[in-house]
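Engineer: Encoded as structure tokens, here's the structure I'll be asking about.
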Amino acid sequence: MASKRDAKKKGSKAHGGRSARRAKAETAQAAHVVAAAEVALNDADAGGGHRDGDTVPSFEVALNDADAGGPSPKSDASRSAAPATRAGVRFVEIVEGVQAPAIDEGLICSLETSLTREQMLELYYYLKLTRLVEERLVNLYRQNKVIGGVYRSLGQEATAVGTCYALERGDFIAPLIRDLGAVLTKGIRPRAIFAQYMAKAWGPSEGRDLNIHFGDMERGFIGPISHLGDMIPVMTGVLLAARMQQKKIVAIAYIGDGGMSTGAFHEGLNFAAVQRLPLIVVAEHNCYAYSTPTHKQTAVKNLADKAAAYGIPGYIVDGNDIIACYETTKRAVDFARSGGGAVLIEAKTYRRKGHAEHDDQRYVPREELELWEKRDPVDRYERHLTSQGIATREELDQITARIKQELEEEVAWAESSPLPEPERAAYNVYDNSIVPPAFRPKVLER
Amino acid sequence: MATALKKEHKAERPARGGVVTFVEAIRQGIWEEMERDERVFVIGEDVGVYGGAFKVTDGLIDYFGPERVIDTPISEAAIVGAACGAALMGMRPVAEFQFIDFISCGFDMLTNFAAKCRYRWGAGIPAVFRGPCGAGVHAGPFHSQNVESFFMNTPGLKMVEPSNPYDAKGLIKAAIRDPDPVLFFEHKKLYRLPRLRQEIPEEDYIVEIGRARVAREGHDLSIITFGAQVLTALDAAEELEREGLDIEVIDLRTLLPLDKETILASVRKTNRALILHEAPRTGGIGGEIAGLIAEEAFEWLDAPVVRLGAIDTPVPYSPPLEEYHLPQVKDVVDAARRLAAY
């Protein structure tokens, strides 16, 4: 704890007799976010009866943990000389096109966690599973077995897995295309994903829709559509219904730096905030919406700044720190479930592949990719687990081997599925009805 | 199902049945369904204490409480989206558009989410999206539109538009009980029209979705129409009767899916078809009906199929302009005469 406090002090300039919290807030480049979040939390406390003594947003917690835990090759002197070397701040610099110092080798995850060893290994299982399912999809794509595109979440898997892991059975998610990790964490089997991508009859949509565009009400997975932002109002409705049904559930709606520009996002989050519904909006700030960088998407520095506009707390978390993602979301989930209302979490991360496999990423500077490769969330978590004595390299390799074995079976199952019968196209438009062959009018029958 | 609803019934519930206006019939229908089924709730702008812009939901909040009569921000996408989400959870939302013109703000949620959920992953959306449509009340371009053709090309939706209190109550109940998303259009000119006051049954009844009605039997010509234009057609038929023309009027009631059997049976009987709707003619659902008749009843026709609609302009505000824009009884009479003489 002492070293963390020191780090904060080094990061700040002289602040005289001001309170520690105030000084801390001013050191963060996103100071106004911190302040806004605290105000919102405190307001919520006053109204909702929920009180959490420590209202320091996880932005601070996550970053300081990273500093404290990461055996950074740089000296303390260089860190204090450049407070902007803290993860979130570096990130902002990249968005603005400034070359950031490459100090990421050796970074581990947050040390403060309530997760047990068993849970941390389960978290590793889902993280690695996500990575390997996607790699398998790329293989299938190159073999022309995937009918549509493949949308990777390479480099940002920790966000989807870590945030979703904070939910309980009965809670709901609405993922985006790059939230395969959340879908798998919710208990969807990889075979369903493979069958969907290969347009097979045994896929959950029976060949009617692509990739993770399906849902599973039993497992709390609402099927998303391509129109970004639309799932925020839908999840608001899910939670309105749950309130009427006296179910104490919470929901995560995922959105990105691009999707937050839509009107539906605004309408949905505003309504959820007005109704004080337990909706956690996880904004995955992965720097690109197709080819459009964030600074062409929004004029705010941090996506979490937007929380203030809805009167809800906003958090910023290092999206490549799976433990921080879990802890921040867990806190938001507890806050929401106890009646605090909606929360916006911005996870700062990076999309290391193009929009889909066909995208050559010509709009991405090479150095940027190299930088973020060093911040790979899987490498980072493996380093964390091994360096902290939570697991040995051999144990992690065993988990990986188990996943690979599992995926062999899952792919084989999906490949053995037939394509759908053509006339199945006419089913399921309405309940228990078949659409007639309208384009074959009787008069043309001979 | 356990719900959080406190039933302190402060308001008087309306009578069942009796002699009612169009708006009273719809309110009775929603009220009875909310009583019958705890999953039914109302959501929209100003639907609570104010009772809705046209007072369709008047009194509901006092009787059923604010948990089941939910006022929203001015956010049609949120209204539709929230209704969809609640429907997925097993609820039966009745969402109101203050004016149906604003359905455009929820268009994406309706056509891409509500309409496609069952097809994509088997998750039905049993929700009703209702609101006042129609012109003739000098409300200008944004409070007068008829939007059915916007949605005609979207499989997965159903569309309903009643023309009288009996059908309005029966159809709103059927829509609420329907397992799929139903757009329910209420012509605002009909809400309190004294001429439409009608005795409706005290007992529970529904009007099946997908069934048209023969509003007037005749042998010389079929006028195929719906909503407020049913009255225009009936007025024209009366005038034409004096000239010895025996007009049949088909009230479609359901616009999607169309009741092809009733339409075709009528045309095969009268051998002449005049399609009448209030939306602009180009791209209106009249084209769909004309296509159906041409494909499946061509050999029975003694004259070309004629479509009558509004002229292809936005709905203008000033009374003489609006009158010029809309199809009038005189236009129907003229068209029918020409068709009969063909």
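Values in this text are rule-based calculations from the coordinates and carry no lab data. This structure is a prediction, so every number in the text was calculated from the model and none was measured. Counting neighbours? That spans all protein chains shown, and the Cβs are built from the backbone with ideal geometry, glycine included.
Engineer: Restricting attention to the range A:189-290, which trypsin sites (Lys or Arg not before Pro) occupy a DSSP loop and are surrounded by at most 15 other Cβ atoms within 10 Å?
Structural biologist: Working: sites: A:R191, A:K200, A:R208, A:R219, A:R243, A:K247, A:K248, A:R276; in loops: A:K200, A:R208, A:K247, A:K248, A:R276.
Those satisfying the criteria are A:K247, A:K248.
Engineer: State, to one decimal in nm, how far the label point of A:S226 lies from the label point of A:A401, with both points 7 Å from Cα in the Cβ direction.
Structural biologist: 4.3 nm
Engineer: Quick one: if you stick a label point 7 Å off each Cα along the C-beta vector at B:Y324 and B:N271, how many nm between them?
Structural biologist: 3.9 nm
Engineer: In what order do B:Y119, A:Y350 fall by count of nearby beta-carbon atoms within 10 Å, going from fewest to most?
Structural biologist: Fewest to most other Cβ atoms nearby, the residues stand as B:Y119, A:Y350.
Engineer: Taking chain B as the reference, fit the longest principal axis to its C-alpha atoms, fit the long axis of helix B:165-177 to the helix C-alpha atoms, and give the angle between the two in degrees, 0 to 90, nearest 10.
Structural biologist: 50 degrees
Engineer: From other protein chains only, count the Cβ atoms within 10 Å of every residue's Cβ in A:201-212, then give the mean. Write down the numbers at each step before the final one.
Structural biologist: Details: counts 0, 0, 1, 3, 4, 4, 0, 6, 4, 1, 0, 0.
So the per-residue partner count for this stretch is 2.
Engineer: Give or take rounding to whole Å, what are the principal axis extents of the alpha carbon atoms in the range B:203-266, in descending order?
Structural biologist: In descending order, the Cα extents are 39, 27, 19 Å.
Engineer: Based on a Kirkwood Rh over C-alpha pairs, give the Stokes-Einstein translational diffusion coefficient of the range A:167-230 at 25 °C and viscosity 0.890 mPa s in µm²/s.
Structural biologist: Values: Rh = 11.7 Å.
Estimated diffusion coefficient is 209 µm²/s.
Engineer: Now for a different question. Ignoring everything except DSSP H segments at least 4 long, calculate the 222 nm mean residue ellipticity for chain B; use -39,500 (n - 2.57) per segment, divide by total residues, nearest 500.
Structural biologist: Working: 11 runs with 111 residues, N = 342.
Using -39500 (n - 2.57) per qualifying helix, the result is -9500 deg cm²/dmol.
Engineer: What FRET efficiency comes out for A:A412 versus A:E357 if R0 is 35 angstrom and r is the Cβ-Cβ distance? Round to the nearest 0.05.
Structural biologist: Details: r = 22 Å, r/R0 = 0.64.
Efficiency at R0 = 35 Å is approximately 0.95.
Engineer: Follow-up. Based on alpha-carbon positions alone, could you give the equivalent ellipsoid semi-axes of the range B:143-270 from the gyration tensor, as √(5λ), descending, whole Å?
Structural biologist: Working: eigenvalues 118, 64, 42 Å².
Calculated on Cα positions only, the semi-axes equal 24, 18, 15 Å.
Engineer: Using the crude model of +1 on Lys and Arg Cβ and -1 on Asp and Glu Cβ, and no other charge, please compute the dipole size for the range B:149-254 relative to its Cα centre, in debye to 20.
Structural biologist: Working: 14 positive and 20 negative charges, 115 e Å.
Charge dipole, the range B:149-254, about its Cα centre: 560 debye, nearest 20.
Engineer: In degrees between 0 and 90, to the nearest 10, how far off the longest principal axis of chain B does helix B:76-88 point, with axes built from Cα atoms?
Structural biologist: That works out to roughly 70 degrees.
Engineer: What nm distance separates the two modelled labels at B:A341 and A:D431, each placed 7 Å from Cα along Cα→Cβ?
Structural biologist: Once both label points are built, they end up 5.2 nm from each other.
Engineer: Hey, another quick one. Per residue of A:213-222, how many C-beta atoms from partner chains lie within 10 Å of its own C-beta, taken as a mean? Let's see the in-between values first.
Structural biologist: Details: counts 3, 4, 6, 3, 6, 0, 0, 0, 1, 7.
Mean inter-chain Cβ contacts per residue within 10 Å come to 3.
Engineer: Now for a different question. Among DSSP beta bridges lying fully in the range B:18-200, give the percent that are antiparallel, nearest 5. Could you put the intermediate results ahead of the total?
Structural biologist: On the way: 3 of 23 bridges.
Given both bridge residues lie in the range B:18-200, the antiparallel proportion sits at roughly 15 percent.
Engineer: Now for a different question. Could you work out how far helix B:260-270 tilts from the main Cα principal axis of chain B, as a 0 to 90 degree angle to the nearest 10?
Structural biologist: Tilt of helix B:260-270: around 20 degrees.
Engineer: What per residue convex hull volume, in Å³, comes out for the range A:299-383 when only alpha-carbon positions are used? It would help to have the intermediate numbers written out before the result.
Structural biologist: Numbers: hull volume 10.7 nm³, N = 85.
Hull volume normalised by residue count: 126 Å³.
Engineer: Any chance you could list the semi-axes, whole Å, largest first, of the equivalent ellipsoid that the Cα gyration tensor gives for the range B:18-200, using √(5λ)?
Structural biologist: Values: eigenvalues 106, 72, 49 Å².
Ellipsoid half-lengths, sorted descending, are 23, 19, 16 Å.
Engineer: Going by Cα centres, the range B:131-199 and the range A:215-235 are how many Å apart?
Structural biologist: That distance is 29 Å.
Engineer: A follow-up question, please. So if R0 is 60 Å, what FRET efficiency would B:T313 and A:Q246 give, r being the distance between their Cβ atoms, rounded to the nearest 0.05? Numbers along the way, then the final one.
Structural biologist: Numbers: r = 52 Å, r/R0 = 0.86.
Given R0 = 60 Å and the Cβ-Cβ separation, E is 0.70.
Engineer: How big, on average over all directions, is the shadow cast by the Cα convex hull of the range A:310-446, in nm²? Before the final figure, lay out the partial values.
Structural biologist: On the way: hull surface 71.7 nm².
With the hull built on Cα positions only, its mean projection is 17.9 nm².
Engineer: Fewest first, what order do B:S318, B:S163 take by the number of other Cβ atoms within 10 Å?
Structural biologist: Starting with the residue having the fewest Cβ neighbours, the order is B:S318, B:S163.
Engineer: Per residue of B:294-301, what is the mean number of Cβ atoms on other protein chains within 10 angstrom of that residue's Cβ? Please report the intermediate quantities before stating the final value.
Structural biologist: Details: counts 2, 5, 3, 1, 1, 1, 0, 0.
For this peptide, the per-residue mean of nearby foreign Cβ atoms is 2.
Engineer: Right, another one. Over chain B, what number does the Rg to Rh ratio reach, with both radii from the alpha-carbon atoms and Rh per Kirkwood? Provide the component values of the computation, followed by the final result.
Structural biologist: On the way: Rg = 20.0 Å, Rh = 20.5 Å.
Ratio of gyration radius to Kirkwood radius: 0.98.
Engineer: Here is a follow-up. Taking the Cβ-Cβ separation of A:T113 and A:E423 as r and a Förster radius of 41 Å, what is the calculated FRET efficiency to the nearest 0.05? Don't jump to the answer; show the numbers that get you there.
Structural biologist: Working: r = 53 Å, r/R0 = 1.29.
Taking R0 as 41 Å, the efficiency between A:T113 and A:E423 is 0.20.
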